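Data block below; observations after.
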Amino acid sequence: MASVPKPLVKTPAKITHGGVVKWKYGRGFSIGELRALGLSVDQARLLGIPVDERRETSWPQNIEALRKWLIDLLEGRAQAPDPTYPKLVKVKRKSGRAFRGLTSAGRKSRGLVSTKFRETHNYKYKKKAKERRLKKRHEATKGLGNLLRISRIINEGSK
């Protein structure tokens, strides 16, 4: 019994190695190779053909190998394997509960404990912008520390 053929893909060829093209087995057949045979992605997966939706290349040797296998399948010389469905990807839970202010310690560290600031963070941005305008915060003079010290020394010396 013939199994589903494995698709061939080109490996990236380094110029230092003479640019020699090498072939390896790929993850699955591209959508273009399936369309050349008149198959959709769903039909191919039901037949047990592996599909790589990210691949854009279409190679004639892959189309020919798949065509021969489909002919064998229709004539009864090959048997279709189980359907190949795409792998499910599990999404991780959000971490950093304290950083996002979801615990009491996190709310305290982010300054969200008082009742009027419990739900919103917008007050912080307004407060920072005001302090920057008034040049109260270190952020307003960041990078100017040496210049300010030098200017004070010069001003004191000129008095």
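The values are calculated or read from the model by the stated rules, or taken from the named source; none is laboratory data. It should be emphasised that the depicted structure is a prediction, and the values quoted were computed from it without experimental measurement. We place every Cβ from the backbone using ideal geometry, glycine too, and count neighbours over all the protein chains shown. Note: areas computed on protein heavy atoms with side chains; ligands, DNA, RNA excluded. Shrake-Rupley method; radii C 1.70, N 1.55, O 1.52, S 1.80 Å.
A compact table of results
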{"read-out": "Selection within the range 66-80 - surrounded by fewer than 16 Cβ atoms within 10 Å (Cβ to Cβ) and of a type in the set (A, V, I, L, M, F, W, C)", "value": "ILE71, LEU74, ALA80"}
{"read-out": "Residue within the range 62-82 that is touching a Phe, Trp or Tyr at 6+ places or on another chain (Cβ under 9 Å) and assigned to a loop (DSSP other than H, G, I, E, B) present", "value": "no"}
{"read-out": "Qualifying residue in the range 19-27 (condition: within 27 Å of the chain's Cα centre (by Cα), of a type outside the set (D, E, K, R) and open to solvent by less than 90 Å² (accessible area, probe 1.4 Å))", "value": "yes"}
{"read-out": "Test for SER151: is it modelled with pLDDT under 75 and open to solvent by less than 50 Å² (accessible area, probe 1.4 Å)", "value": "yes"}
{"read-out": "Residue count, the range 43-54 (criterion: surrounded by 19 or more Cβ atoms within 10 Å (Cβ to Cβ) and outside any helix (DSSP H, G or I))", "value": "2"}
{"read-out": "Subset of the range 63-78 [touching a helix residue (DSSP H, G or I) at 6+ places or on another chain (Cβ under 7 Å) and of a type outside the set (Val, Ile, Thr)]", "value": "LEU66, ALA78"}
{"read-out": "Residue count, the range 1-30 (criterion: touching a residue at least 24 places away in the same chain (Cβ under 8 Å) and among the β-branched types (Val, Ile, Thr))", "value": "2"}
{"read-out": "Boolean, ILE63 is surrounded by 11 or more Cβ atoms within 10 Å (Cβ to Cβ), closer than 26 Å to TRP23 by Cα and at pLDDT 95 or above", "value": "yes"}
{"read-out": "Total residues in the range 26-42, condition more than 19 Å from ALA2 (Cβ to Cβ) and part of a helix (DSSP H, G or I)", "value": "6"}
{"read-out": "Hits in the range 1-52 - residues which are of a type in the set (S, T, N, Q) and more than 14 Å from LYS68 (Cβ to Cβ)", "value": "THR11, THR16, SER30, SER40, GLN43"}
{"read-out": "Flag for THR115 being open to solvent by less than 80 Å² (accessible area, probe 1.4 Å), β-branched (Val, Ile, Thr) and at pLDDT below 90", "value": "no"}
